[in-house]
Amino acid sequence: MFLSVFDMFKVGIGPSSSHTMGPMVAAGRFLDSLRGSPFHAHGLKASLHGSLAFTGVGHATDRATILGLAGFLPDTYDTDKAEAALHAIRISRQIEAPGLGLLHFDPERDLNFDYGPALPGHANGMILQATDAQGDVILQETYYSIGGGFVLTAAELAEAGSAGKTQRADVPYPFDTAAEMLRMARDSGLTIAAMKRANELRFRSAAELDRGMDRIWQVMNACIDRGMEGEGILPGGLKVRRRARGIHEKLLAERGLNMTAPHVINDWMSLYAMAVNEENAAGGQVVTAPTNGAAGVVPAVIRYWLDHVPGASPSRVGEFLLTASAIGGLCKHNASISGAECGCQAEVGSAAAMAAAGLAAVLGGTPEQVENAAEIALEHHLGMTCDPVKGLVQVPCIERNGLGAIKAVSAASLSLRGDGQHLVSLDVCIETMRQTGRDMHEKYKETSLGGLAVNVPNC
């Protein structure tokens, strides 16, 4: 299975790739199916299950589903048009679905949060239905939002489970494990980024690849800048105050002072990450890296490298992204990047591994040192739960991205102090993450039924 750099890094909207972007994409796919159906639809219905139900309101899953049925998509999302559409739907109880005309949809009655057992395929499940004038179901599909904005139907998920890990990708360097990746790097004499680039060029031109990666970084960087300017209280009811702007102003005021402590560099890393995740919590435009909940780690480490490390060059950001996406692909293919599946170790842990690998690469690390950097970062996130307070991607998520960025930089630095030889391999670490996620209690996997979510007052 080939996972592109553009699969791991997707432009979208906050606050969640699995709970906001995924349902919106699923709804768009359902509209495509309905357009190709011989039936004439009169109305639409949706039901949310598992984690999509338990934390759906906090993650704007209800809004995303409705907007997806109205034709909105994450990568072209327009906030003003979306708000106008939502208002019109609530008043008229109709959705104007592109190519399908007006369809009956009452958000109060036709969007159901099912708090019973999750659907069998995945913790993030949803069922979409089209009905005729009598209210009978004429088309139904089950979708699973499996993390990072990836969406599969029930049939696709079953097929992926039976064949996905045995089918080799048709690319020059089809590594499915870190061990294979290192062996191919040794045999070819190429870096991880160079092998990943060769794989990408199997599907697109060099110009398309470079333009796409340029856009990824432009959106990431703009998100950091917006986050450092934003003020006020984040939506959702927790009354969490945006802090990035204040931190930035204090750091700028301290610049050049002889008494500034060396550890203040950690505050810059945290600042960049928190700026992104405050934007994400506010529903702004972000890039999955590999998810929205972990969207701040990779851009924070890139910005740290560009702004604070001598010799850094924007021309090498693509090398960083390619390396990071190779590591993210291994995490997703062999374990998970979904908090609802494996807890936050799968989100911020995978993001830190990706960022550590990317930084080690652009700092001149060998493939072995790059793999070591990824392993160190992931190993020290193992067991991390996903317990968002009130189902919002705010507490502990925003600060957690800052600490993930710091760990990533430390992991890269430690790896470069060695020769790449180490006891625990990245493959073992990823498999441990998978097993830990399997054994983790459901209340610690993005349901807001345990941990901080029940021990911190929600109002």
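Here, each number is a calculation from the coordinates, and none is a lab measurement. Here the structure is a predicted model, which means the values were calculated and not measured. FYI the Cβ positions are ideal-geometry reconstructions off the backbone, even for glycines, and counts take in every protein chain you see.
Observations on the model:
- Scaled against 2.2 N^0.38 Å for its residue count N, the alpha carbon radius of gyration of the stretch 317-416 is 1.03.
- Burial ranking of peptide ranges 359-369, 114-124 (average Cβ count within 10 Å, highest at the top): 359-369, 114-124
- Rounded to the nearest 10 degrees, the inclination of helix 397-416 to the longest alpha-carbon principal axis of the chain is 30 degrees.
- Dipole of the chain, positive direction: furthest Cα of Ala405, Val57, Ile192, with charges on the beta-carbon: Ala405
- On Cα atoms only, tilt of 426-439 relative to the major axis of the chain in degrees: 40 degrees
- Straight-distance crosslink candidates among aspartates and glutamates, where the alpha carbon sits under 13 Å from Lys10 and sequence neighbours closer than 8 are dropped: Asp75, Asp214
- Cβ-Cβ distance of Lys239 and Ser188, R₀ of 45 Å, FRET efficiency by 1/(1 + (r/R0)^6): the value works out to about 0.25.
- Scattering curve values for the stretch 171-455, log₁₀ I(q)/I(0), Debye with Cα scatterers, q = 0.08, 0.10, 0.14 Å⁻¹: -0.32, -0.50, -0.97
- Charged-residue dipole, Cβ positions (Lys, Arg, Asp, Glu), the stretch 17-162 about Cα centre, Debye nearest 20: 100 debye
- DSSP bridge orientation in the chain - percent antiparallel, rounded to nearest 5: 80 percent
- Debye, to nearest 20: dipole size of the stretch 212-371, +1 on Lys, Arg Cβ, -1 on Asp, Glu Cβ: 340 debye
- Mean Cβ neighbour count within 10 Å, used as a protection proxy, ranking 283-296, 377-390, 67-80 highest first: 283-296, 377-390, 67-80
- Ellipticity at 222 nm from helices only: DSSP H runs of n ≥ 4 in the chain, each -39500 (n - 2.57), divided by the residue count, give -15500 deg cm²/dmol.
- Ranked by the mean number of other Cβ atoms within 10 Å per residue, highest first, peptides 391-402, 412-423, 48-59 order as 48-59, 391-402, 412-423.
- For the chain, the longest principal axis of the C-alpha atoms and the axis of helix 244-254 are separated by about 20°.
- Simple point charges give the picture: +1 on the Cβ of Lys and Arg, -1 on the Cβ of Asp and Glu, and for the chain a dipole about the Cα centre of about 520 debye.
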